[in-house]
Amino acid sequence: MRVVIAEDDALLREGLTLLLAGEGFEVVAAVDNGTDFLAAVDTHAPEATVVDVRLPPDFRDEGLRAAIEARRRRPGLPVLVLSAYVEDRYAAELLADGRGAIGYLLKQRVGDVEEFADALRRVAAGGTVMDAEVVGQLLVRRRSDDPLRELTPREREVLALMAEGRSNTDLARLLVISEGAVNKHIRNIFAKLGLAPDEAGHRRVLAVLAYLNG
Amino acid sequence: MVPTTREPRRPLALPGLLPALRRLPTQSGLLARAGAGGLLALSALPAVVVVGVLCLTGLGVPLLPPLMRGVRRLAGMERRRVGAVLGGPPVPERYRPVEGSPVARARGLLTDRAGMRDLCWLPVHALTGTLAASLGLGLALAAVNDVTMPLWWWAIPGRSPSGVGFAVDSWGRAAVMLPIGVLVAVLACALIPPLLRGQARLSRRLLTPPANRSVAERLAEVTASRAAALDAHAAELRRIERDLHDGTQNRLLAVVMHLGLIERALERDPEQAPPLVRRARQAATGALDELREVVRGIYPPILDERGLDGAVAALAARSPVPCVVDTACLGRAPAAVETAAYFIVAEALNNVARHSRAEHVGVRLANEEGTLVIEVEDDGRGGADERAGSGVVGMRRRADALDGRVTLRSPAGGPTRLRAELPCGW
């Protein structure tokens, strides 16, 4: 799978390249700024991209904007955004086009190489991978009249895993319950949040996040 | 009782003429500076009028800041000169900080009383500076001219040099010029000092900010310094965040990433692990280095351990340019003031090492009437440009935050002298 990386820190860039190569990805370009990233995406037409939020020259959110611009040019381009900290607003901006194939992870998740490579594969396949932190932020700042408060702890767990882009099979395995139980939890969550049941991949995540951000 | 011995007669009728004569060159120099300042003020007047008129139409607004900067420099020269004439510190200046959009800056400049005082002083100085200089210097030159005439009158071909009301065309007449010259010299000695002092007093009166500032003015200053403090604080936090993010955090991420790679390598091919372990260790060491720098940038540990004098001595010892530190009159100051002082000295020494090509640098720290004064002087080539990213901006920001100030004097050819005053607030 051909991948383009945009990361300004040389050590991390090399490390990422090494890591992805070791997991069977082909890193066709590793650049250190947003402009070069857009050029590399045009040139190589990668199957997946990994972008750091903060890039030169201003080290604010250039990487995020480059990622959004790249997806404007190539709708549905799989982008996995890495950041030293996560901000749910950024997640909302990334998800705004509703096409999926979006990942948003804390940088430190690269420490678990297998998980990270798996996340990138899920993004490349069109899935949505949100860091557990993002979901955590959304759950924390609910108002008192919020239907999320109606969720049981187990349902919150299910919701968080859904936001991380897990399939029902994954959920069943991770929570050590049957798929039937997973389906029941999901139906309950959607009912409590007033969402139409929808089993199609990332859409349910998008729906949940869109609702949460509203 | 009639005294048996009389005091020996003084060599000249007027007592103290010789010392007066000896002081004359210095005083003439100060008069010449008054004259130069007066001429500059005179030439600046048309510009002031033109910009003033243009400001009414709005076109002059962009020209206002450079004009006022020029007037400030001119007034600053005069403030120092007045200090030298009257034997004291330069006349204090108290400009309000000017910032924001061009229009806000223009409004700030136009409502700044200190700036307006400068503008009132300008025409007066154009007149009195030039007059005092021409009168005083004219007398001094006439004295020299007359006294020395017997030496050279004969060498002037054609027309004879003119004496006082007659032409010098014989040795006799030339000889007459000698006593006349002495008289003129006496006159010069008698007139120049009061002329110099009188003109300087007038300048001082016009340029000195009133002692009893209105509460509104003081409040404006406090507000400005508080805003500067908040700005400085925000800039400082941003810098620390940047340092932590780009340095420490990235190094630690690299450690985590390499540990992940090592884990994978151990599962698959343990021989790949050692170089990865080495890189992880290097990254961890790097993180510690960066962290140490960040901590040092927040509050230098040595300041706590050794006090400001010890901390500055340590800075001096690290300076590539030989540095002499004088902290004899240094007392304690609040921690915030000492921290700012430390960073100002560090930045100043850094500048000296990088730009000045100096061979010696002196640092003096002293508490003067509740103010911590820092002076850094080098014997380098001068010409420091504070806009060229020399770190002076950062020093100013630190000083502003404490209601203090930084003055940099660095004429081309040197020496460069930096003075920072930080009120201790007790």
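The values are calculated or read from the model by the stated rules, or taken from the named source; none is laboratory data. Please read all numbers here as calculations on a predicted model, not as lab measurements. With ideal geometry, Cβ positions are generated from the backbone for all residues, glycine too; neighbour counts draw on all protein chains shown.
So which strands (runs of 3 or more DSSP E) are wholly in segment B:312-426 and hold at least 1 residues that are touching a Ser or Thr at 6+ places or on another chain (Cβ under 8 Å)? So that I can check it myself, show each step before the final result.
On the way: elements: B:323-326, B:361-368, B:371-378, B:405-409, B:416-423.
Ranges flagged: B:361-368, B:371-378, B:405-409, B:416-423.
A quick yes/no check of all residues on (1) free of Cβ contacts under 8 Å to residues at least 40 places away in the same chain; (2) in contact with a Leu (Cβ under 8 Å, 6 or more places away or on another chain); (3) outside the structural domain of A:Glu93 (by TED's automatic domain parsing):
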position: A:Ala6; (1), (2), (3): no, yes, no
position: A:Gly22; (1), (2), (3): no, yes, no
position: A:Glu47; (1), (2), (3): no, no, no
position: A:Arg60; (1), (2), (3): yes, no, no
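Going by the structure shown, is B:Arg332 basic (Lys, Arg), surrounded by fewer than 19 Cβ atoms within 10 Å (Cβ to Cβ) and under 21 Å from B:Ile302 (Cα atoms)? Judged against the criteria, B:Arg332 is a match. Against the test of being more than 39 Å from the chain's Cα centre (by Cα) and surrounded by 13 or more Cβ atoms within 10 Å (Cβ to Cβ), the options B:Ala232, B:Ala287, B:Ala228, B:Ala224 yield a single qualifying residue, B:Ala287. Would you confirm whether any residue within segment A:68-84 is within 14 Å of another protein chain (Cβ to nearest Cβ) and either out of contact with any strand residue (DSSP E or B) (no Cβ under 9 Å at 6 or more places or on another chain) or crowded, with 18+ Cβ neighbours inside 10 Å (or both)? Checking segment A:68-84: at least one residue is within 14 Å of another protein chain (Cβ to nearest Cβ) and either out of contact with any strand residue (DSSP E or B) (no Cβ under 9 Å at 6 or more places or on another chain) or crowded, with 18+ Cβ neighbours inside 10 Å (or both). The set of residues in segment A:45-64 being more than 14 Å from chain B (Cβ to nearest Cβ) and under 30 Å from B:Glu267 (Cβ atoms) consists of A:Pro46, A:Glu47, A:Ala48, A:Thr49, A:Val51.
Residues that are under 18 Å from B:Ala317 (Cβ atoms) and of a type in the set (Lys, Arg): does segment B:370-382 have at least one?
Going through segment B:370-382, the residues under 18 Å from B:Ala317 (Cβ atoms) turn out to be B:374, B:376, B:378.
Within this subset, residues satisfying the condition of being of a type in the set (Lys, Arg) are none.
Scanning segment B:370-382 turns up no residue that is under 18 Å from B:Ala317 (Cβ atoms) and of a type in the set (Lys, Arg).
Restricting segment B:199-242 to residues that are acidic (Asp, Glu) and more than 12 Å from chain A (Cβ to nearest Cβ) leaves a set whose member that is farthest from B:Asp118 (Cα to Cα) is B:Glu236.
Of the residues examined, B:Pro179 is not one that is surrounded by fewer than 13 Cβ atoms within 10 Å (Cβ to Cβ) and under 19 Å from B:Val85 (Cα atoms).
Set side by side, the residues A:Arg121, A:Arg154, A:Arg149, A:Arg141 differ, and just one is more than 20 Å from A:Met1 (Cβ to Cβ), away from chain B (no Cβ under 14 Å) and modelled with pLDDT of 85 or more, which is A:Arg154.
Can we say B:Ser319 is outside the structural domain of B:Arg79 (by TED's automatic domain parsing), touching an Asp or Glu at 6+ places or on another chain (Cβ under 8 Å) and either touching a residue at least 24 places away in the same chain (Cβ under 8 Å) or closer than 22 Å to B:Thr223 by Cα (or both)? Considered against the rule, which asks whether it is outside the structural domain of B:Arg79 (by TED's automatic domain parsing), touching an Asp or Glu at 6+ places or on another chain (Cβ under 8 Å) and either touching a residue at least 24 places away in the same chain (Cβ under 8 Å) or closer than 22 Å to B:Thr223 by Cα (or both), B:Ser319 comes out as no. Applying the set (1) more than 14 Å from chain A (Cβ to nearest Cβ); (2) under 30 Å from B:Ile374 (Cβ atoms); (3) free of Cβ contacts under 8 Å to residues at least 12 places away in the same chain to B:Leu288 leaves exactly one unmet item: (2). Scanning segment A:1-20 for residues that are more than 7 Å from chain B (Cβ to nearest Cβ) and over 21 Å from the mean Cα position of the chain (by Cα) gives A:Ala10, A:Glu14. Among the residues of segment B:197-205, is there at least one that is part of a helix (DSSP H, G or I), of a type in the set (D, E, K, R), in contact with a helix residue (DSSP H, G or I) (Cβ under 8 Å, 6 or more places away or on another chain) and at pLDDT below 85? The answer is no, given that none of the residues of segment B:197-205 is part of a helix (DSSP H, G or I), of a type in the set (D, E, K, R), in contact with a helix residue (DSSP H, G or I) (Cβ under 8 Å, 6 or more places away or on another chain) and at pLDDT below 85.
Here B:Ala353, B:Ala273 are screened, and the one residue that is surrounded by 16 or more Cβ atoms within 10 Å (Cβ to Cβ), away from chain A (no Cβ under 14 Å) and either out of contact with any strand residue (DSSP E or B) (no Cβ under 9 Å at 6 or more places or on another chain) or under 20 Å from B:Arg409 (Cα atoms) (or both) is B:Ala353. Residues that are modelled with pLDDT under 90 and among the aliphatic types (A, V, I, L, M) were ranked within segment B:292-313; the one that is nearest to B:Arg251 (Cα to Cα) is B:Val294.
Each residue in segment B:253-270 was checked for being within 8 Å of chain A (Cβ to nearest Cβ) and either touching a Pro at 6+ places or on another chain (Cβ under 8 Å) or touching a residue at least 12 places away in the same chain (Cβ under 8 Å) (or both), and 4 pass.
Can you find a residue in segment A:105-116 that is within 11 Å of chain B (Cβ to nearest Cβ) and farther than 19 Å from A:Val134 by Cα? For segment A:105-116, residues within 11 Å of chain B (Cβ to nearest Cβ) and farther than 19 Å from A:Val134 by Cα: present. The set of residues in segment B:335-393 being β-branched (Val, Ile, Thr), closer than 20 Å to B:Asp403 by Cβ and touching a residue at least 40 places away in the same chain (Cβ under 8 Å) consists of B:Val337, B:Thr339, B:Ile344, B:Thr371, B:Val373, B:Ile374, B:Val392.
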